[in-house]
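Participant: Structure provided below as structure tokens; questions to follow.
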Amino acid sequence: MSVFVYVEDWDGALKKASFEAVSYAKTWADMLGCSVVALVSDSATGIDALGNYGADQIRTFSPAISGFGVAEQVKSMSEGGSGLVISGTNFGKTIAPAVAALSGGGLSTNTISTPLQTAPLQVKRGAFSSKGIETIEIHSEFPIISFTPNSIGIEERSGAGQISSVAAQGSDLLELIEKSVTTGKIALPEADVVVSAGRGLKGPENWGMVEELADVLGAATACSKPVSDIGWRPHSEHVGQTGIQVNPNLYIAIGISGAIQHLAGVSASKTIVVVNTDAEAPFFKAADYGIVGDAFEVVPKLVDALRAFKAAQ
Amino acid sequence: MDILVCISHVPDTTAKINFTADGSSLDAAGVQFVINPYDEFGLTKALHIKEAQGGSITVLNVGGPETEPTLRKALAIGADKAIRINATPTDAITVAQNIKNHISANAYDLIICGQESIDYNGQQVPAMLAAMLRYPFVNACVGLELDGNTAKTKAEIDGGHATYSNALPMVIGGKKGLVEEKDLRIPNMRGIMSARSKPLGVEEPVAGAAPTKSATFEKPAGKAAVKMVAPDQIDELVRLLNEEAKAI
């Protein structure tokens, strides 16, 4: 018996969330006393590294284009397994439910814990836009876990995975016309550090300093809902209840008051820093560190201080 | 064009969330329920399609009788008829099975779901439904154009966008971008009056064993009090982030 794990790559490079997925599968497999089988695209590079995180076997396959096609492949390759782990990336969120529907397995998405127990499987997951935590039980022979990236952590183990290739059929019901990707940008849901700004910045022309701060920290940039609604920033940067939910190690909010809908999208962040001119801004109640001050003075100073800190390291 | 819009009945985005004393479920006392915001973008998109090319809009919810005001609101906004599948939606697979059965008995050209509901945040039902029907599926869909029987969609992917093409019928998991915030409609008096006489059918669920079950709900641990740093003490903030929070 094995716990299977779907390993996602991005143009051939393994995603950080994929190492986290293998770490998750290894923890689960240890509880069950079984091995870990990683399923990865045959165009991905550096796959032997998966062994260092607990993959006993690494099986490569030629992936279909659409989520459904990959779901069919993952389902057929993990037949008879004790469970399946998929990271909660955009693509992972598309395929995990399809695998569950095809296999009749129970699925927990938004999972934020490793198994609390295995018979029946119990995990914690975020619900009510991070305003609640649900403990869910999966009563099924083939439970599937999709976890929130960054919520579990990556654990290095010693080991070497045995690599082999398998043939798997998947049907593509969609035709891909075009893929446009902003290269060099850090994807928000997986970012370790997020720098986010709101209406306090007064206009889209002032985002330069936000991007500069993000640059120094290796962070992804984000924004509040009003800012994306008035078109200062794209919707894909909108963080909050109806936007993207993030849980980075560090979330820096600049000129965002902290409406309950915004907090719902960011409250899972490990450390929150808030910069706002209004000492009464509700965001300070949800923050770890706060500065009451003008963003136009504070942010450039913070950029300088962080540059000096990074240079000294 | 016959469109099915799947609607969830969820606590308002500003609602304070509390759970019952035994942690078994949401404490609905004092909570206002609304159409799931993701579904509202989908419903508005359906109205745009119907206004441009004709057709019908059916809204569907899996839920108890207490969810009917939410369906009536969707009718007041402009849907033609509503279906309530009489089951408590506790497990995604069984919800998807119930919706699939309704679709199999009624022909729809397009099935619009919100990407996720803001209560359980499962983001499961749309993809499950599509897989059960073997219909094309686009998640995180932020654009939809129809040309006869062909749909061209735009979806968010990690770090960018993808565009797809496929023949109908299909399922989408939609979000803002399908239409904009300013396009959302508030029911007017005529809409509210006409919604009263529009059909709202109740269908009984097909029993299926639920593979998942909620054990308990709890609220996240509260944060410790915020540490304020003076705006001229930025170096101190950097020190705290490094030494105390270990965040940089």
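The values are calculated or read from the model by the stated rules, or taken from the named source; none is laboratory data. Note that the structure is predicted; figures quoted are calculated from it, not measured. No Cβ is skipped: glycine too gets one built from the backbone with ideal geometry, and neighbour counts run over all protein chains shown.
Participant: Examine the range A:208-217 for a residue that is free of Cβ contacts under 8 Å to residues at least 40 places away in the same chain, touching a strand residue (DSSP E or B) at 6+ places or on another chain (Cβ under 7 Å) and in the same structural domain as A:Ser269 (by TED's automatic domain parsing), and state whether such a residue exists.
Facilitator: So far as the range A:208-217 goes, yes, one or more of its residues are free of Cβ contacts under 8 Å to residues at least 40 places away in the same chain, touching a strand residue (DSSP E or B) at 6+ places or on another chain (Cβ under 7 Å) and in the same structural domain as A:Ser269 (by TED's automatic domain parsing).
Participant: Kindly establish whether A:Glu72 is in a loop (DSSP other than H, G, I, E, B) and over 30 Å from B:Phe19 (Cβ atoms).
Facilitator: Taking the combined requirement at face value, the residue does not satisfy it.
Participant: Can you give me the number of residues within the range A:229-264 that are touching a Lys or Arg at 6+ places or on another chain (Cβ under 9 Å) and either small (Gly, Ala, Ser) or under 20 Å from A:Trp207 (Cα atoms) (or both)?
Facilitator: 17
Participant: For the subset of the range A:189-205 comprising residues that are assigned to a helix (DSSP H, G or I) and touching a Ser or Thr at 6+ places or on another chain (Cβ under 8 Å), which member is nearest to B:Gly177 (Cα to Cα)? Before you say what the answer is, go through the steps one by one.
Facilitator: Just the residues of the range A:189-205 that are assigned to a helix (DSSP H, G or I), to begin with: A:189-190, A:199-201, A:204-205.
With touching a Ser or Thr at 6+ places or on another chain (Cβ under 8 Å) added as a condition, the list becomes A:189-190, A:199-200.
Numbers: A:Pro189: 19, A:Glu190: 22, A:Arg199: 20, A:Gly200: 24 Å.
So, considering only residues that are assigned to a helix (DSSP H, G or I) and touching a Ser or Thr at 6+ places or on another chain (Cβ under 8 Å), the one nearest to B:Gly177 (Cα to Cα) is A:Pro189.
Participant: Would a scan of the range A:33-45 turn up a residue that is assigned by TED's automatic domain parsing to the domain that holds A:Phe142, in contact (Cβ under 8 Å) with a residue 24 or more places away in the chain and more than 18 Å from A:Val166 (Cβ to Cβ)?
Facilitator: The answer is yes, given that some residue of the range A:33-45 is assigned by TED's automatic domain parsing to the domain that holds A:Phe142, in contact (Cβ under 8 Å) with a residue 24 or more places away in the chain and more than 18 Å from A:Val166 (Cβ to Cβ).
Participant: Do we have any residue at all in the range B:77-89 that's under 27 Å from A:Ser87 (Cα atoms) and in contact with a strand residue (DSSP E or B) (Cβ under 7 Å, 6 or more places away or on another chain)?
Facilitator: Yes; the residues of the range B:77-89 include at least one that is under 27 Å from A:Ser87 (Cα atoms) and in contact with a strand residue (DSSP E or B) (Cβ under 7 Å, 6 or more places away or on another chain).
Participant: Next up: Can you find a residue that is of a type in the set (S, T, N, Q) and not in a strand (DSSP E or B) anywhere in the range A:115-125?
Facilitator: no
Participant: Tell me whether the range B:71-81 contains one or more residues that are at pLDDT 95 or above, within 14 Å of another protein chain (Cβ to nearest Cβ) and buried (at least 20 other Cβ atoms within 10 Å of the Cβ).
Facilitator: No, because not a single residue in the range B:71-81 is at pLDDT 95 or above, within 14 Å of another protein chain (Cβ to nearest Cβ) and buried (at least 20 other Cβ atoms within 10 Å of the Cβ).
Participant: Under 18 Å from the mean Cα position of the chain (by Cα), facing chain B (nearest Cβ under 10 Å) and not in a loop (DSSP other than H, G, I, E, B): which single residue out of A:Ser146, A:Ser130 fits that description?
Facilitator: Matching residue, one of A:Ser146, A:Ser130: A:Ser146.
Participant: Another question, then. Suppose we filter A:Ile65, A:Ile95 for residues that are assigned by TED's automatic domain parsing to the domain that holds A:Gln122 and in a loop (DSSP other than H, G, I, E, B); which single one remains?
Facilitator: Numbers: A:Ile95 fails: in a loop (DSSP other than H, G, I, E, B).
Unique residue meeting the criteria: A:Ile65.
Participant: Out of the residues in the range A:76-87 meeting the condition of being within 20 Å of A:Ala167 (Cβ to Cβ) and surrounded by fewer than 24 Cβ atoms within 10 Å (Cβ to Cβ), tell me which one is nearest to the other protein chains (Cβ to nearest Cβ).
Facilitator: The selected residue is A:Ser76.
Participant: Every residue in the range B:86-107 that is more than 29 Å from B:Asn166 (Cα to Cα) and away from chain A (no Cβ under 14 Å), please.
Facilitator: B:Asn86, B:Ala87, B:Thr88
Participant: Return the pair list, or none, for Cβ contacts closer than 8 Å from residues in the range B:189-203 that are at pLDDT 95 or above and surrounded by fewer than 11 Cβ atoms within 10 Å (Cβ to Cβ) to residues that are in a helix (DSSP H, G or I) and basic (Lys, Arg), at least 6 apart or on different chains.
Facilitator: B:Arg196/B:Arg72
Participant: Right, another one. Between A:Asn110, A:Asn90, which is surrounded by fewer than 24 Cβ atoms within 10 Å (Cβ to Cβ), within 10 Å of another protein chain (Cβ to nearest Cβ) and under 21 Å from the mean Cα position of the chain (by Cα)?
Facilitator: So the residue among A:Asn110, A:Asn90 that is surrounded by fewer than 24 Cβ atoms within 10 Å (Cβ to Cβ), within 10 Å of another protein chain (Cβ to nearest Cβ) and under 21 Å from the mean Cα position of the chain (by Cα) is A:Asn90.
Participant: Would you kindly identify the strands (runs of 3 or more DSSP E) lying entirely within the range B:108-210 that contain at least 3 residues that are more than 7 Å from every other protein chain (Cβ to nearest Cβ) and of a type outside the set (A, V, I, L, M)?
Facilitator: Here the list reads B:137-147, B:150-157.
Participant: The conditions are (1) modelled with pLDDT under 95; (2) over 24 Å from the mean Cα position of the chain (by Cα); (3) not aliphatic (A, V, I, L, M), and A:Gly208 fails exactly one of them. Which is it?
Facilitator: In the conditions (1) modelled with pLDDT under 95; (2) over 24 Å from the mean Cα position of the chain (by Cα); (3) not aliphatic (A, V, I, L, M), A:Gly208 misses (1) alone.
Participant: On the phi < 0 side of the Ramachandran plot, free of Cβ contacts under 8 Å to residues at least 12 places away in the same chain and either within 14 Å of chain A (Cβ to nearest Cβ) or crowded, with 24+ Cβ neighbours inside 10 Å (or both): does that describe B:Asp12?
Facilitator: So B:Asp12 fails the test.
Participant: B:Ala215 - would you say it is within 30 Å of A:Ser140 (Cβ to Cβ), facing chain A (nearest Cβ under 8 Å) and among the hydrophobic types (A, V, I, L, M, F, W, C)? Working first, answer last.
Facilitator: Values: within 30 Å of A:Ser140 (Cβ to Cβ): yes; facing chain A (nearest Cβ under 8 Å): yes; among the hydrophobic types (A, V, I, L, M, F, W, C): yes.
Yes: the conditions hold for B:Ala215.
Participant: Residue under question is A:Ala253, and the condition is that it be more than 30 Å from B:Val142 (Cα to Cα), of a type in the set (A, V, I, L, M) and either under 18 Å from the mean Cα position of the chain (by Cα) or in the same structural domain as A:Trp207 (by TED's automatic domain parsing) (or both); does it hold?
Facilitator: No.
Participant: I've got another one for you. Can you find a residue that is under 23 Å from A:Ile177 (Cβ atoms) and either acidic (Asp, Glu) or in contact with a Cys (Cβ under 9 Å, 6 or more places away or on another chain) (or both) anywhere in the range B:134-145? Lay out the reasoning, then the answer.
Facilitator: Here is the first cut: in the range B:134-145, the ones under 23 Å from A:Ile177 (Cβ atoms) are B:134-145.
With either acidic (Asp, Glu) or in contact with a Cys (Cβ under 9 Å, 6 or more places away or on another chain) (or both) added as a condition, the list becomes B:145.
Yes, the conditions are met somewhere in the range B:134-145.
Participant: Regarding B:Ser165, is this residue farther than 25 Å from B:Val62 by Cα, modelled with pLDDT of 95 or more and surrounded by fewer than 22 Cβ atoms within 10 Å (Cβ to Cβ)?
Facilitator: Considered against the rule, which asks whether it is farther than 25 Å from B:Val62 by Cα, modelled with pLDDT of 95 or more and surrounded by fewer than 22 Cβ atoms within 10 Å (Cβ to Cβ), B:Ser165 comes out as yes.
Participant: Just one of (1) assigned to a helix (DSSP H, G or I); (2) surrounded by 20 or more Cβ atoms within 10 Å (Cβ to Cβ) trips up A:Leu102, so point out which.
Facilitator: Here A:Leu102 meets the rest and fails (2).
Participant: Sticking with this structure for a sec: Looking at B:Glu145 and the list (1) within 22 Å of B:Gly55 (Cα to Cα); (2) out of contact with any Lys or Arg (no Cβ under 9 Å at 6 or more places or on another chain); (3) without any contact (Cβ under 8 Å) to a residue 24 or more places away in the chain, which single condition is not satisfied?
Facilitator: (2)
Participant: So, in the range B:25-50, of the ones that are assigned to a loop (DSSP other than H, G, I, E, B) and within 11 Å of chain A (Cβ to nearest Cβ), which residue ends up nearest to B:Glu145 (Cα to Cα)? Steps first, answer last, please.
Facilitator: Looking only at the range B:25-50, we keep the residues that are assigned to a loop (DSSP other than H, G, I, E, B), and these are B:25, B:27-32, B:36.
Next cut, within 11 Å of chain A (Cβ to nearest Cβ) only: B:25, B:27, B:31, B:36.
Details: B:Ser25: 40, B:Asp27: 41, B:Val31: 37, B:Asn36: 23 Å.
Looking at the filtered set, the residue picked out is B:Asn36.
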